[in-house]
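Engineer: Below is the structure I would like to discuss, written out as structure tokens.
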Amino acid sequence: MALQNPTPSEYIQHHLTNLTYGYHPENGWSFAHGAKEAAEMGFMAIHVDTMAWSVGLGILFCWLFRAGAKAAHAGVPTGVLNFVELMVEFVDKSVKETFHGKSNLIAPLALTICCWIFLMNLMDLVPVDLVPYLFMVSGVEYMKIVPTTDVNATLGMSIGVFLLIVIYSIKIKGVSGFVGELTLQPFGKWMIPFNFLLEGVGLIAKPISLALRLFGNLYAGELIFILIALLPFYLQWFLSVPWAIFHILVIVLQAFIFMMLTIVYLSMAHEHH
Amino acid sequence: MNLNLTLIGQLIAFTIFVIFCMKYVWPPISGALAERQKRIAEGLDAADKAARDLESAKSQIEDELKQARSQVTELVEQANKRSSQIVEEAQDKARAEAEKILMSAQAQIAQDAAQARESLRADVAKLAIVGAERVLGATVDQAAHKKLLAELAEEL
């Protein structure tokens, strides 16, 4: 799709399409040209832009915090250590307020979620045309730089959380305890199928809601930036500046919500009913 | 909006980042934080202890000062007493000495007076004898009149 004077719908379509590499029934392993081909690839495809940006930002997070960890000492903190400690203490406080068990995983997990999602959300504040244009010039057709506007990214993380919920439930309560929790409440053993349906939906809803909340917020935010970008250039600042300022709140809040809900879900997995 | 392998890729990336964070990021930082917390607590404790020590040292100083003051007062009192005692003793001694001197002087005077009286009496007796010799024109026999002369001297 060469974008010479695109129509608004073409423009939006273009900005919402990932750079997809996958197995196409006709073309074999190749980059998809357009959303239609990407859809035809089905599951055997990968969003190269999402992966690259998210892994890059994850490495940035690891590098930054590793630098802090290497500099960590019990004396007076300086520089990057200050920031890293601030984040660690904030996360640690949030975890301790909600989660009362003992776990070496949950606090680092929460820290990773909070920082990584924040960094991915932060890409939303980069002007929507800038990076796609630069890649377009260098010959890459599609480039979506906000990984959290890709439902695969958010669902990938929330499935990770979901697996941890299941693992911890079984570890703490045993298989029978976990199964019992799913089937024997709220209505007792004569209503097992109904209980299972109810609790199963409740369990499945956790990762789905986690993923879709983050995805929905960021996708909507991105879409509005794209719509604003369709306006004449002399009007854009009038809308994009307030929206960007408001969005600063959204990106922090969504990262925080994802983290808090993860802690809450995992602390629920640790508790007996 | 297509679900595809990205999902798995993200899951793997997420797992790796979490494990990295768990292994290499969290422990040193939270360890350092805990260590610092401990140090600060120790520092505050030490400060408290030092304040308490200072307080007790102050009260000790106060006590010792009080004791020293009372000792000084006692000493001064003792000294005063002693000095008045010394003065009194000296006065007594002086008085006794004076009395003694007076007594000896009186005794000396009395003795001198007695001696003078004696010698006067002897002289008078001699004069009386000389007078009597002149009157009688004869020598008074000392031996014969010794008894008379002694009686005369007694009467004087």
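Engineer: Find the residue count for the range A:8-52, including only residues that are among the hydrophobic types (A, V, I, L, M, F, W, C), in a helix (DSSP H, G or I) and more than 11 Å from chain B (Cβ to nearest Cβ). So that I can check it myself, show each step before the final result.
Structural biologist: Taking the range A:8-52 first, the residues among the hydrophobic types (A, V, I, L, M, F, W, C) are A:12, A:16, A:19, A:29, A:31-32, A:35, A:38-39, A:41, A:43-46, A:48, A:51-52.
Now drop any that are not in a helix (DSSP H, G or I), which leaves A:12, A:35, A:38-39, A:41, A:48, A:51-52.
Filter again for more than 11 Å from chain B (Cβ to nearest Cβ), leaving A:12.
Going through the range A:8-52 one residue at a time, the tally reaches 1.
Engineer: Additional query: Answer yes or no as to whether B:GLN10 is more than 30 Å from A:MET44 (Cβ to Cβ) and not acidic (Asp, Glu).
Structural biologist: No: the conditions fail for B:GLN10.
Engineer: Between A:LEU119, A:LEU130, A:LEU134, which is of a type outside the set (Val, Ile, Thr), within 22 Å of A:VAL250 (Cα to Cα) and modelled with pLDDT under 90?
Structural biologist: A:LEU130
Engineer: Considering only residues that are part of a helix (DSSP H, G or I) and either under 19 Å from B:LYS23 (Cα atoms) or facing chain B (nearest Cβ under 10 Å) (or both), which ones fall in the range A:91-104?
Structural biologist: Listed by number, the residues that qualify are A:VAL91, A:ASP92, A:VAL95.
Engineer: Restricting attention to the range A:168-181, which residues are crowded, with 18+ Cβ neighbours inside 10 Å and out of contact with any Ser or Thr (no Cβ under 9 Å at 6 or more places or on another chain)?
Structural biologist: If the condition is that a residue be crowded, with 18+ Cβ neighbours inside 10 Å and out of contact with any Ser or Thr (no Cβ under 9 Å at 6 or more places or on another chain), then A:SER169, A:LYS173 are the ones that fit.
Engineer: Would it be correct to say that A:ASN152 is out of contact with any strand residue (DSSP E or B) (no Cβ under 9 Å at 6 or more places or on another chain) and surrounded by 20 or more Cβ atoms within 10 Å (Cβ to Cβ)?
Structural biologist: When the stated conditions are applied, A:ASN152 does not pass them.
Engineer: Among (1) more than 7 Å from chain B (Cβ to nearest Cβ); (2) part of a helix (DSSP H, G or I); (3) aromatic (Phe, Trp, Tyr), where does A:TYR142 come up short?
Structural biologist: That leaves (2) as the condition not met.
Engineer: Assess whether A:VAL84 counts as being in contact (Cβ under 8 Å) with a residue 24 or more places away in the chain, under 30 Å from A:GLY221 (Cβ atoms) and out of contact with any Lys or Arg (no Cβ under 6 Å at 6 or more places or on another chain).
Structural biologist: On the way: in contact (Cβ under 8 Å) with a residue 24 or more places away in the chain: no; under 30 Å from A:GLY221 (Cβ atoms): yes; out of contact with any Lys or Arg (no Cβ under 6 Å at 6 or more places or on another chain): yes.
No, not satisfied.
Engineer: Can you list residue pairs whose Cβ atoms sit under 6 Å apart, with the first residue in the range A:105-120 being within 10 Å of another protein chain (Cβ to nearest Cβ) and the second being surrounded by fewer than 24 Cβ atoms within 10 Å (Cβ to Cβ) and among the charged types (D, E, K, R)? Count only pairs 6 or more apart in sequence or on different chains.
Structural biologist: From residues that are within 10 Å of another protein chain (Cβ to nearest Cβ), the pairs are A:ALA107/A:ASP92.
Engineer: Out of B:ALA41, B:ALA32, B:ALA13, I need the residue that is surrounded by 10 or more Cβ atoms within 10 Å (Cβ to Cβ), small (Gly, Ala, Ser) and either touching a residue at least 12 places away in the same chain (Cβ under 8 Å) or more than 7 Å from chain A (Cβ to nearest Cβ) (or both). Which one?
Structural biologist: Only one candidate qualifies: B:ALA41.
The values are calculated or read from the model by the stated rules, or taken from the named source; none is laboratory data. On a predicted model such as this, the values are computed, not experimentally measured, just so you know. Glycine also receives a Cβ, built like all others from the backbone with ideal geometry; neighbour counts cover every protein chain displayed.
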